[in-house]
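The values are calculated or read from the model by the stated rules, or taken from the named source; none is laboratory data. A quick note: this is a predicted structure, and the numbers were derived from the prediction, not measured. Please note: Cβ atoms are built from the backbone with ideal geometry, for glycine as well, and neighbour counts cover all protein chains shown.
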Amino acid sequence: MMTSQSLKTAAMTLLSVLTFSSALAATNLKEQHASWTLQAKSADPAFSPSADRGKNFYGRIFRAGTDMASCSTCHTANPKALGKHVITGKEIPALSATANSERFTDAKKSEKWFKRNCNDVIGRECSAAEKSDLTAWLMQH
Ligand code: HEC
């Protein structure tokens, strides 16, 4: 039988393994924003992130008449609100990192969804400048 001491030791070991492995890939909104800004600046040295442009981008109707006309179609006008997939009806946790602590903590995940959603909504991938602008706005929300 496990004593409470050995249980405690096992739990502590597990916790440190989890903390260590998540620390390896961990990132956050600020870091990802900085990385997209850097990429955008290398393409255009005059680039400077704009939360206003990010806000407009998020609400902009790119393909009127299609199911996925804008980012806000699924993520709603308020990034702090619970979203809803326009086709499947499935709930989408809030896009805002303030409202949802899991947001932008995994760079691979963020890139994967940017790629998919930008293709669905705009018909092409988003540029680093667009990602930088959008995350500048999201940092305020
Ligand atoms: C058809 C519905 C839909 C539309 C339209 C949509 N998204 Fe999403 N988005 C999703 C789903 C589903 C996920 C993944 C599930 C989740 O992470 O909650 C997601 C996740 C994301 C993530 C991942 C964030 C992270 O790191 O956790 C980003 C970034 C994102 N979307 C940006 C956008 C942008 C930018 C647009 C507009 C160009 C957009 N989305 C339009 C459904 C949509």
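Kindly indicate whether Phe104 is more than 9 Å from the ligand (Cβ to nearest atom) and either surrounded by fewer than 18 Cβ atoms within 10 Å (Cβ to Cβ) or not in a helix (DSSP H, G or I) (or both).
The answer is no for Phe104.
Quick test of your reading of the structure: His141 fulfils all but one of (1) within 12 Å of the chain's Cα centre (by Cα); (2) at pLDDT below 95. Name the failing condition by number.
Here His141 clears every test but (1).
If you scan the range 36-50, which residues turn out to be outside any loop (DSSP other than H, G, I, E, B) and either aliphatic (A, V, I, L, M) or in contact (Cβ under 8 Å) with a residue 60 or more places away in the chain (or both)?
Matches in the range 36-50: Trp36, Thr37, Leu38, Gln39, Ala40, Ala43.
Restricting to the range 107-119, and then to whatever is near the ligand (Cβ under 6 Å from one of its atoms) and touching a helix residue (DSSP H, G or I) at 6+ places or on another chain (Cβ under 9 Å), can you tell me which residue is nearest to Lys30 (Cα to Cα)?
Among those residues, the one meeting the criterion is Ser110.
If Met68 passes every condition in (1) near the ligand (Cβ under 6 Å from one of its atoms); (2) assigned to a helix (DSSP H, G or I) but one, which one does it miss?
Here Met68 clears every test but (2).
Does the range 84-92 contain any residue that is closer than 24 Å to Ala129 by Cβ and more than 7 Å from the ligand (Cβ to nearest atom)?
For the range 84-92, residues closer than 24 Å to Ala129 by Cβ and more than 7 Å from the ligand (Cβ to nearest atom): absent.
Taking the range 120-138 as the search range and keeping residues that are polar (S, T, N, Q) and under 17 Å from Thr27 (Cα atoms), which one is nearest to the chain's Cα centre (by Cα)?
Ranking the qualifying residues of the range 120-138, first place goes to Thr135.
Residues of the range 120-133 being near the ligand (Cβ under 8 Å from one of its atoms) and in a loop (DSSP other than H, G, I, E, B), which ones?
Ile122, Cys126
Identify, from the list Arg53, Arg63, the residue that is in a loop (DSSP other than H, G, I, E, B), more than 8 Å from the ligand (Cβ to nearest atom), in contact (Cβ under 8 Å) with a residue 24 or more places away in the chain and basic (Lys, Arg).
Among Arg53, Arg63, only Arg63 is in a loop (DSSP other than H, G, I, E, B), more than 8 Å from the ligand (Cβ to nearest atom), in contact (Cβ under 8 Å) with a residue 24 or more places away in the chain and basic (Lys, Arg).
Return a yes/no flag: does the range 80-93 have any residue that is crowded, with 18+ Cβ neighbours inside 10 Å and out of contact with any strand residue (DSSP E or B) (no Cβ under 6 Å at 6 or more places or on another chain).
No.
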